[in-house]
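The structure appears right after this line, and notes come after that.
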Amino acid sequence: MTKPKGARARLRHHFLNNIGRVMGTDELREVSGGISEWARRVRELRTEEGYQILTHNDRRDLKPGEYLLESSKPIPAFERGISKEVRALILDRNGFTCQMCGAVAGEDHPFDPTRKTRLHIGHIVDKSVGGSDEPSNLRAICSVCNEGSANVTLDRPSLNKLLVQIRRATIKDQQAVLDWLKSKFEN
């Protein structure tokens, strides 16, 4: 069998031959042919080809610089119509917080503590039912909510509902909410 040409092809081949095995940066750099852009090629395998290559951002048991391909089956690739500038605007506007469950980017996910929260940009009104890529129709959504959303839009809780929940919480949790609000709005 001939060796694949190009760094991305070599990395794809290596991941597919090592499914379920944790690989480090030195190994992947060497497999890529020693190019400085090897990490970009891994990202392209994730974003353009749909391979679920996991990192420490996805699983707590992986350390920074460790990569793992769990399955050879890629998720369907799709064309990205949202620019990186609009993505950054939406994430910043939404406080790097999932607008469905409230999980914060990079922290352990509250409903799946084996994963860290990874945010995506989601449509409020899905494109399949006429939604647009305008910023007013976009929101930050975590991968856990995104996997199960199936074009569902949850309403934001009203002030009264939020206050009722906070009043029902323990004093310790109420204090944590107060501390978080102070840190969010201190300038």
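The values are calculated or read from the model by the stated rules, or taken from the named source; none is laboratory data. It should be emphasised that the depicted structure is a prediction, and the values quoted were computed from it without experimental measurement. Counting neighbours? That spans all protein chains shown, and the Cβs are built from the backbone with ideal geometry, glycine included.
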Note to self: Please verify whether Ala105 is under 16 Å from the mean Cα position of the chain (by Cα) and either outside the structural domain of Ser143 (by TED's automatic domain parsing) or closer than 18 Å to Asn146 by Cβ (or both), treating the condition exactly as stated.
What the structure shows: yes
Check: Scanning segment 54-79 for residues that are among the hydrophobic types (A, V, I, L, M, F, W, C) and over 18 Å from Val144 (Cβ atoms), which turns out modelled with the lowest pLDDT?
Finding: Phe78
Next item on the list: Collect the residues in segment 104-120 that are closer than 16 Å to Thr55 by Cβ and either out of contact with any helix residue (DSSP H, G or I) (no Cβ under 8 Å at 6 or more places or on another chain) or at pLDDT 85 or above (or both), keeping them in residue-number order.
Entry: Ala105, Gly106, Glu107, Asp108, Thr114, Lys116, Thr117, Arg118, Leu119, His120
Check: Which pairs have Cβ atoms under 9 Å, sit 6 or more apart or on different chains, and link a residue in segment 88-99 that is farther than 16 Å from Arg118 by Cβ to one that is of a type in the set (D, E, K, R)?
Finding: Arg93/Arg139
Checklist line | Matching helices (runs of 4 or more DSSP H) fully within segment 1-52 where at least 2 residues are within 17 Å of Pro64 (Cα to Cα) | finding: 25-31, 38-47
Check: Does segment 96-103 include one or more residues that are of a type in the set (Ser, Thr, Tyr), buried (at least 16 other Cβ atoms within 10 Å of the Cβ) and modelled with pLDDT of 85 or more?
Finding: yes
Notebook entry, point to check: Assuming Pro64 fulfils every condition listed in (1) over 29 Å from Leu181 (Cβ atoms); (2) surrounded by 13 or more Cβ atoms within 10 Å (Cβ to Cβ) apart from one, which condition is it?
Noted result: (2)
